[in-house]
Structure formats: C-alpha cells, structure tokens
Amino acid sequence: MSREIPEVAVEALRAAGLVVEVNPVDRAATREELYLGLPRADAFLACLTDRVDAALLESAPRLKVVANFAVGYNNIDLPAARERRIFVTNTPGVLTAATADLTLALLLALARRLAEGEALVRGGRWKGWGPLQLLGLDLEGRILGIVGAGAIGSAVARRAAAFGMRIIYHSRSRSSRLEGNVPGAVRVPFEHLLREADVVSVHLPYSAAVHHLFGERTFRAMKRDALFLNTARGPVHDEGALVRALKEGWIAGAGLDVYEKEPSVHPELLTMPNTVLLPHLGSATRRTRDRMAMLAATNILAVMRGERPPNLVPELSALA
Ligand code: GLV
C-alpha cells in the first residue's frame, strides 16, 4: 500500500493471510518509495496520487492486481497493465452519494457566498445584518447543466432537483439512470448546455479525450452569470483559461474540488472572492472511505484466490 488507508481493509487483508506492507509516511508516495516496494508485491493498493505507468509496472514482476482506492483510475496506464496481464480495479458505487453531497455543498457555498461570509465573521469585520450584504443566487428555478451522466452526475441531478433546479444534461447516450432520478431532465447537445445552464457541473471520468474540455472557447460560450463546478478531475478544465474567465467576467464563479496539477492551485484563484476551493474532498467521509478501502481489499482478495475481481475496470474486462 502506498499510503495508510482505513484500518478495516488492512485487517481484512491480514486476516486472509496476506502480508501487508504500508508506506509509513502519511503523504503521497514518492516514485522512489514505489520503486522500492513494488518489486516484491503480488498486489498493489494504489491511491489516485500514484502514477502507475509502464515503467513502474515493469519493476513489479510478481504483480497481479492494482486496486485503486478511487473510482477514477486515470492515474493508471491501462494498456501497460493489459500487456502484462495485471488486473486494475476501482471503487465504484460506494462514493456516489458522498461526492454528490460535496458537489451540492460547493454549489450552495458558491451561490450563497458562504466562504466570504465566514471570513467576515472570523475576521471580526462583521458589523451586523445588512439588507444588501453578501447577496447571492437563488437556486430554485435555475438550470443545472450536468456534463457526464454516470452515477455521480445522476445523484447530483437528484439532489439539485430537490432544491427546485431544472436539470439538463449532456452525455454520449441517453441516461435512464439520470432520467429515472429526475423525470423532467432533458438530454441536450453540449453547446446547448453551455448556452442555457446557470450552473455547469462536470462529472466525467478523465481521459485524453476530455483534456481541457473546459477552456477559453467553452467558458466564453457559457452565460456571463453562470457558475462552473468541477468535482471530477482537474485536467478537464484549463486552469489558466478559468482564471481569465473569472477575471474578465465571461462567467461569474467557480467551485472546485479538483485542480489541473494537484496539489498546486493557480495562484490567482486563491485571491478571487468568486471561487470556492476545496482540497479534493469528494469521497472524504469516514463511512465512504471505509467502504472504498473494503472494496479495494475485496478486489485484491478475489485476485489472490484466482478469481475475477468484482470491480475490474471495463477497459480490461477481456483479461478475466
Ligand atoms: C476520487 O477522486 C475518486 O476518483 O475516487
């Protein structure tokens, strides 16, 4: 394991007779640490901060499975894993609700200017209630544009509909899951979504195909009073273009849980009042992280028994 994760999973793996080595420092593992640990590993429980590329896999001749402690797995080179017949698994389902909750928290914080209000109170600068103080945006009746209608996008749609928002979404095909969650939701072309949405929220898995999907052209196509949310993966947006969009008023605000080059954040975002910036907390609840850990352990144990892991990523299904 490249890093300490909830103890339940370590216990489950040890109880099954596996020798578990955990990188003892509580920070993202360095390349050197990974190269040191992987050559003797049969299984690797990886974090999204571990770049599992061909060179690293090459250093791990015994490796049978990389169990990613995340639903996203863009940190893993899938063709390289396929070539070496190494299973790759993720943790779908268990973090859907937590990530959707976090997206709504970001939206509410941004729309109602919570960070600005809190800073005022904590900074001792609050002079009392004011009729024009920190006026925000009503969500009721506004249009939420969901980009990517998988489990998380659909869960966000359901929550936003409960706040009275109207839902439009863009995805490659019709999503019965999203439309089942929100009967009035309408699938629209991407350009239509950009033009119509008051809030645009990204829920796409990252791949090269969506790199900088949100850049100068897309931000300029959005409404000038629109809000942009990204709780998926940072490189879906071009952070430099986002800064220009916020500075020059192409859009009104942004709520981010993910960044292009984590953990660094574009310095200008830090000084803007119309941003809410979180440190990649989407799945960060105790119960969710326990469930993610158990799912990763279950996948490892299945492979160790010679079985198909339950959460094998679809791109590698031919391996099973
Ligand atoms: C978190 O970002 C995840 O992919 O689980």
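Points to keep in mind about this one:
- Averaging Cα coordinates gives a centre for the range 156-223 and one for the range 275-320; these two points are 25 Å apart.
- Rounded Å value of the spacing that divides the Cα centres of the range 72-151 and the range 1-66: 29 Å
- Debye log10 I(q)/I(0) at q = 0.11, 0.16 Å⁻¹ for the range 96-277, Cα point scatterers: -0.45, -0.94
- All aspartates and glutamates inside 20 Å of residue 127 as judged from Cα atoms, apart from same-chain residues fewer than 8 positions distant: 116, 118
- Fraction of the pair-distance distribution of the range 10-102 above 20 Å, Cα-Cα pairs, percent: 38 percent
- Listed by chain and number, the lysines placed with their C-alpha closer than 25 angstrom to that of residue 223 are 247; residues fewer than eight positions away on the same chain are left out.
- Bridgeable aspartates and glutamates around residue 261 (alpha carbons under 16 Å apart, same-chain partners fewer than 8 residues away excluded): 50, 238, 239.
- A viscosity of 1.306 mPa s and a temperature of 10 °C, combined with the Kirkwood radius over Cα pairs in Stokes-Einstein, give a translational diffusion coefficient for the range 35-188 of 84 µm²/s.
- With Cα atoms, 0 to 90° folded angle of helix 151-162 axis to the chain main axis: 30 degrees
- Ordered from longest to shortest, the equivalent ellipsoid semi-axes for the range 172-268 are 23, 16, 11 Å, each the square root of 5 times a Cα gyration tensor eigenvalue.
- Compactness relative to 2.2 N^0.38 Å, alpha carbon Rg of the chain: 1.07
- By average C-beta atoms within 10 angstrom, highest first, the peptides 224-233, 187-196: 224-233, 187-196
- Sum of -39500 (n - 2.57) over DSSP H runs of 4+, divided by residues of the chain (222 nm, nearest 500): -10000 deg cm²/dmol
- Principal semi-axes of the equivalent ellipsoid, √(5λ) from the alpha carbon gyration tensor of the range 92-141, are 29, 14, 5 Å from largest down.
We did not get these values from a lab; they are worked out from the coordinates using the rules stated. Note that the coordinates shown come from a computational prediction; the quantities given were computed from them, not determined experimentally. Neighbour counts are summed over all protein chains in view; Cβ atoms, including those assigned to glycine, are modelled from backbone coordinates with ideal geometry.
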